[in-house]
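First the structure, in the form of structure tokens, and then the observations on it.
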Amino acid sequence: MTSKINQKMMALAGDQAVAYAAKQSDVDVVAAYPITPQTIIVEQFSEYVANGEVETEFVCTESEHSAMAASLAASVTGARVFTATASAGLALMHEMLFVTSGCRAPVVMAIANRALSAPLNIHGDHSDSMAQRDSGWIQMYAENSQEAYDLIIQAFKIAENTDVLLPVMVGLDGFTLSHTLENVETLPDDAVKQYVGIRKISTVLTHEGKQSPFKLDPKNPMTMGPIALQNYYFEFKRQQEEAMKNALNVIQDVNNNYGTSTGRTYGNGLVDAYYLEDAKVAVICLGSTAGTMKTVVDKLRKQGIKAGLLRIRTFRPFPMEAVRSALKNVKAIAAMDKSMSFGGNGGPVYHEIRHALYDSASKPFIVNYIYGLGGRDTSPAKLSTIYEDLQKILEKQTIEDPIKYLGLRE
């Protein structure tokens, strides 16, 4: 896609938008197991297969662990692979997530983010994907169904880039996005197919000293994920970290190039800033909460309060420099977490933000708000209290309670 193209408006829930994007992305293999609130994604895709709308091998596995094993196997043969899961399904994949990233298999997976048991809860928070944040997968979070659609298409360009070759998780908030109907601008099938292109296979030096395509092929035998003990394991992990660093630039380039044709960009691809140029107080969040928070910021701005918002779009690799740059003028910051790090003194987003700003010259006040666990609703009125608290911190120049639980009965 090199120039602005005509698009079609469709009414799609988040899950449907994800399935439609995967359909258009010329996927070779989909291996999956159903779990609420993700089921609609693979259910919808199975209809595309049954109707002959795609030439995709659809594999119904007996569990999510098997779904990721099948996705990995297909990907390392050179196939373009997509899957989806949520909550306990993602947790069951835990072992295979590390194997997939370690084998440098560019699988794309949608996560309809949902709480983990116990007690049993089927509604949306980020505890499932945050529990996998160190599994070697790129992690990106959508604000709305439009972005979920765009992100799936972009994810294939990111994952399959030969400087990256890492799997990508695309998170969309369970039920809040997965089951909510929205207007989604969709691209023509041929435009998406041209954009994602044919997967390029890197060439590597084999143990026989030959240059061969980096895929499992009987004509050019090689092993992937073999035993690597003390003498080599460390180097493999270091290479994955370099690929994560490369992904920072690739994600930004993909965001910019995609925007040229669609008219849609999401910040710089890593973070999405809202009224941060002159903000004195700011909130940081992921996913659909940002949409609600923008209305709160708009209201506060009309009252003369210099409030701002930073949405983290890419959580892994964590965009350290982009965060520092976006928040360089802010005096008091609240990091919002829709998950908990038990015993960790705050949530994952809070930890990362504190880490990023530890060496910053401005040294802003930073507090943590844990909210929305198990899908608990957080109203605009409740979100407004965060900015009120930040203003009080600036007035008193001290933090009395660094970790708060928003909307919790105590």
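The values are calculated or read from the model by the stated rules, or taken from the named source; none is laboratory data. Since the model is a prediction, treat every value here as computed from it, not as a measurement. All Cβ positions, glycine included, derive from the backbone under ideal geometry; neighbour counts span all protein chains shown. To get the accessible areas, we keep the full protein, side chains included, count just its heavy atoms, and leave off ligands, DNA and RNA. Shrake-Rupley method; radii C 1.70, N 1.55, O 1.52, S 1.80 Å.
Structure values in brief
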{"read-out": "Using a Förster distance of 41 Å, the FRET efficiency for residue 53-residue 122 (Cβ separation, nearest 0.05)", "value": "0.90"}
{"read-out": "Most fluctuating residue given options 302, 23, 157, as computed from a GNM of the chain linking Cα atoms under 10 Å", "value": "302"}
{"read-out": "Accessible surface of the stretch 164-310, 1.4 Å probe, proportion on carbon and sulfur as whole %", "value": "53"}
{"read-out": "With at most 14 neighbouring Cβ atoms within 10 Å, loop chymotrypsin sites (Phe, Trp or Tyr not before Pro) (DSSP) excluded, longest segment of the chain", "value": "1-231"}
{"read-out": "Placed amide H near residue 176: partners under 5 Å, 5+ positions off or other chain", "value": "124"}
{"read-out": "Mean ellipticity per residue at 222 nm, deg cm²/dmol - from DSSP H runs of n ≥ 4 across the chain, formula -39500 (n - 2.57)", "value": "-11500 deg cm²/dmol"}
{"read-out": "Shape category assigned to the stretch 344-410 from the gyration tensor of Cα positions, a/c cut at 1.5", "value": "oblate"}
{"read-out": "C-alpha center-to-center spacing [the stretch 1-71, the stretch 227-270] in angstrom", "value": "23"}
{"read-out": "Principal-axis tilt of helix 289-302 within the chain, Cα atoms, nearest 10 degrees", "value": "30"}
{"read-out": "Stretch gain in nm, segment residue 163-residue 396, where the contour uses 0.36 nm per residue and the Cα spacing is subtracted", "value": "79.1 nm"}
{"read-out": "Accessible surface of the stretch 1-137, 1.4 Å probe, proportion on carbon and sulfur as whole %", "value": "53"}
{"read-out": "Accessible surface, per residue, of the stretch 238-342 when the full set of protein chains is kept, probe 1.4 Å, Å²", "value": "38"}
{"read-out": "DSSP bridge orientation in the chain - percent antiparallel, rounded to nearest 5", "value": "30"}
{"read-out": "Cα shape, the stretch 163-287, gyration tensor, a/c 1.5 rule", "value": "prolate"}
{"read-out": "Calculated from backbone phi, Karplus (6.51, -1.76, 1.60) coupling profile of the stretch 163-180 in Hz, x at Gly/Pro", "value": "8, 10, 6, 9, x, 10, 9, 10, x, 9, 4, x, 6, 4, 10, 4, 10, 9"}
{"read-out": "For the stretch 114-129, 3J(HN,Hα) per residue [Karplus equation, 6.51 cos²θ - 1.76 cosθ + 1.60, θ = phi - 60°, Hz, x = Gly/Pro]", "value": "8, 4, 9, 6, 9, x, 4, 8, 9, 9, x, 8, 9, 5, 6, 6"}
{"read-out": "Using alpha-carbon coordinates, inclination of helix 145-159 to the longest axis of the chain, degrees", "value": "50"}
{"read-out": "Per-residue ³J(HN,Hα) for the stretch 345-350, Karplus 6.51 cos²θ - 1.76 cosθ + 1.60, θ = phi - 60°, Hz, x for Gly and Pro", "value": "6, x, x, x, 5, 4"}
{"read-out": "Extreme residue, positive dipole direction of the stretch 271-406, given options 273, 341, 314 (C-beta unit charges)", "value": "273"}
{"read-out": "Residue 98-residue 11 FRET efficiency (beta carbon distance; Förster radius 22 Å; 0.05 resolution)", "value": "0.05"}
{"read-out": "For the stretch 271-406: relative contact order, % (alpha-carbon pairs under 8 angstrom, 6 or more apart)", "value": "27"}
{"read-out": "Nearest 10 degrees, 0 to 90: helix 39-50 Cα axis against the chain principal axis", "value": "30"}
{"read-out": "Gyration tensor (alpha-carbon) shape descriptor, the stretch 128-183, a/c threshold 1.5", "value": "oblate"}
{"read-out": "Sites matching trypsin sites (Lys or Arg not before Pro) across the stretch 212-252 that sit in DSSP coil, with at most 15 neighbouring C-beta atoms within 10 Å", "value": "219"}
